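Asker: Just dropping this structure here.
The values are calculated or read from the model by the stated rules, or taken from the named source; none is laboratory data. In this text the structure is predicted, and so the values were computed from the model without any measurement. Cβ placement follows ideal geometry from the backbone for every residue including glycine, while neighbour counts extend to all protein chains displayed. What goes into the accessible areas is simple: the full protein's heavy atoms, side chains included, and nothing from ligands, DNA or RNA. Shrake-Rupley method; radii C 1.70, N 1.55, O 1.52, S 1.80 Å.
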Amino acid sequence: MFKSLKRRIKKMFREYLVHHHSSMEYRAKLLTLMISSNGEMCECEKAKLVHIAHSIYGEDTERAEILIDTVYEYHLKIITNNGLDFEDLIQSVERETKTVKRFAKKINLSLLKELQSCSNEDEALFQERILEFLANLQEENLA
């Protein structure tokens, strides 16, 4: 119970309570791009998300859980049309990558590709385009 309450408070005030929250939110946006590309989140994507979050943050399970919650939050905003749509998310990722050059290093294409295994052929093709966009964005901003 206490752990759940603590996590909920951190989620609500992550801007103030989570160290390097902008970096974590950027990663959440990248993952949301891949997950929300087909409009819904399947069980396979949920499992992959947990695996990816824990591989990014290793032993810091609390931070990984906050990342997962943030992805769910962004995804929910997109599917309910609650102040964020897919195009806005793409523009936000592009703007943040160009503004904060170190974010380009956070684009881990191999981890993002793991989410493609959960998609059908059409969805995987769209996700491939997203990965190409991110690879180009990364290349532009690391040079």
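Asker: In whole percent, how big is the carbon plus sulfur part of the accessible area of the range 51-143, probe 1.4 Å, protein atoms only?
Answerer: Carbon-and-sulfur percentage of accessible area, whole number: 49.
Asker: So, one more: Please list, in order, the residues from the range 68-91 whose amide nitrogen is less than 17 Å from a point placed 7 Å along the Cα→Cβ vector of Lys106.
Answerer: Counting backbone N atoms under 17 Å from the label point, the list is 68-75, 89-91.
Asker: Keeping all protein chains in place, calculate the accessible area per residue for the range 18-143 (probe 1.4 angstrom), answer in Å².
Answerer: 51
Asker: Could I have the simple spin-label model distance between Ser23 and Glu94, label points 7 Å from Cα toward Cβ, reported in nm to one decimal?
Answerer: 2.6
Asker: Which peptide among 29-39, 71-81, 117-127 comes first, and what is the full order, when sorted by highest mean count of other Cβ atoms within 10 Å?
Answerer: Result, highest mean first: 29-39, 71-81, 117-127.
Asker: Using 0.36 nm per residue, how much length does the chain from Phe133 to Ser117 gain when fully extended, once their Cα-Cα distance is taken away?
Answerer: Gain on stretching Phe133 to Ser117: 3.9 nm.
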